[in-house]
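What follows is one structure encoded as structure tokens, with my remarks underneath.
Each reported figure results from applying straightforward, stated rules to the coordinates on display, with no laboratory input. For clarity, every value in this text was computed on a predicted model and none was experimentally measured. Because the Cβ atoms are built from the backbone with ideal geometry, glycine has one as well, and the counts that use them run over all protein chains shown.
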Amino acid sequence: MSFSIKVTDQACGAEITGVDLSKPLLEDEIKKIREAWLEYHVLSFPNQLMNDDDLERFTLCFGSFGDDPFIAPIPGRNNIVAVKRTADEKVPIFADNWHTDWSFQKNPPAGTCLFGIDIPPEGGDTLFANQHLALDKMSSDLRNKLEGKLAIHSAALPYSSTGGYGDKDRAMGRSMDIRASDEALAKQLHPIIRKHPETDREGIFGTFGYIIGIDSMENQEAMKLLLELAAWQGQEQFQYQHKWKKNMLVMWDNRSVLHKATGGYQGHERLLHRTTIGAYQV
């Protein structure tokens, strides 16, 4: 089967077939995948019989490994984390709020790769929201409020010891090996509206959650603006709803989309292995 790209009829996303990710990629294949990734923002590769070596090799075709804080890697690996949930787990679904991965870092990861190992027969979709499209369709009034503003990003709400995945959550028996710490209290500034470093296309970067305020703006005013922005960013018109299958790899561009997990698979185990692609280096 030859290399083929099937574009979704939603706000972003494409499926790629005709490539075997269990083998080293040819330079032409890497080029085509990168071009599609930058254009469609979310790519899925079905029916891939990959192991962890293959996942790491694929990741390194598109950059260095990103830094994954607060989640321990799987045994024997430094750059793969397990996104998992047991059949009887009662804690809230992991990552079920809109976010872009690790936006609180000085140099957040360019992308994320996620490989489906145990996939429930129903539920567990991942939602993506195209933040270039969200900006393109934004009212001039809201855009004027955001233009030139620096957002304050922090992992405090989810990953501090008192955060959503902190000590209390761990005591409730979450199966993921999350290592909350007060290092999550650190803050980092990023422009709310910024250009993609590879395409120069403007988009919205981040959302409320990892964003906890706006630089040089009173907190009450900042919260009002951030909530207005969040209500706009995640609308259905900007979304792609991805349905998982076993042995499917998905890679997405953290500079272009938000994403969030969904539930609906209680009574079934779910396991995926994840890597991140480090920030783009010119």
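In debye, nearest 20, what is the charge dipole magnitude of the chain about its Cα centre with +1 on Lys and Arg Cβ and -1 on Asp and Glu Cβ, if you could check?
So the magnitude is around 160 debye.
With charges only on Cβ, +1 for K and R and -1 for D and E, what is the dipole size of the range 153-282 about its Cα centre, in debye, rounded to 20?
600 debye
Of 151, 171, 14, which is the most mobile in a GNM of the chain whose springs link Cα atoms less than 10 angstrom apart?
The residue that fluctuates most here is 171.
Could you give the radius of gyration (one decimal) and Dmax (whole number) of the Cα atoms in the range 153-282, in Å?
Expressed in Å, the Cα Rg and Dmax of the range 153-282 come to 17.0, 48.
With label points built 7 Å along Cα→Cβ from the Cα atoms of residue 150 and residue 271, find their separation and express it in nm.
Each label point lies 7 Å from its Cα, and together they span 4.4 nm.
Running Debye on the range 240-282 with equal point scatterers at the Cα sites and no solvent, what base-10 log of I(q)/I(0) appears at q = 0.15, 0.21, 0.31 Å⁻¹?
Once normalised to I(0) and log-transformed, intensities are -0.53, -0.95, -1.47.
Computed on alpha carbon atoms, what radius of gyration and Dmax characterise the range 98-225, expressed in Å?
When restricted to the Cα atoms of the range 98-225, Rg and Dmax are 16.7, 48 Å.
Which value at 222 nm does the chain reach when only helices count, each DSSP H run of 4 or more adding -39,500 (n - 2.57), with the total divided by all residues and rounded to the nearest 500 deg cm²/dmol?
-6000 deg cm²/dmol
Tell me which residues come under 5 Å, amide H to amide H, from residue 71 once H is placed; ignore anything under 5 positions away on its chain.
179
Test of understanding: extend the Cα→C-beta vector of residue 221 to 7 Å, then name every residue of the range 140-157 with backbone N under 20 Å from that spot.
140-153
How big is D, in µm² s⁻¹, for the chain by Stokes-Einstein at 25 °C and 0.890 mPa s if Rh is the Kirkwood radius over C-alpha pairs?
Diffusion coefficient, whole number: 127 µm²/s.
Which one of 18, 47, 276 has its Cα pushed farthest toward the positive end of the charge dipole of the chain, where Lys and Arg give +1 and Asp and Glu give -1 at the Cβ?
Of the candidates, 276 comes out farthest on the positive side.
To the nearest µm²/s, what D does Stokes-Einstein give for the range 1-105 at 20 °C and 1.002 mPa s, using the Kirkwood radius over alpha carbon pairs as Rh?
133 µm²/s
Return the whole-Å distance between the Cα centroid of the range 236-268 and the Cα centroid of the range 96-149.
Answer, in whole Å: 11.
Within 10 Å of each candidate Cβ there may be at most 16 other Cβ atoms; applying that plus a DSSP loop requirement, which trypsin sites (Lys or Arg not before Pro) in the range 205-282 survive?
Filter output for the range 205-282: 243, 245, 246.
What translational D, rounded to a whole number of µm²/s, comes out for the range 56-128 from Stokes-Einstein when the hydrodynamic radius is the Kirkwood one over Cα pairs, at 4 °C and 1.567 mPa s?
Once the numbers are plugged in, D ends up at 90 µm²/s.
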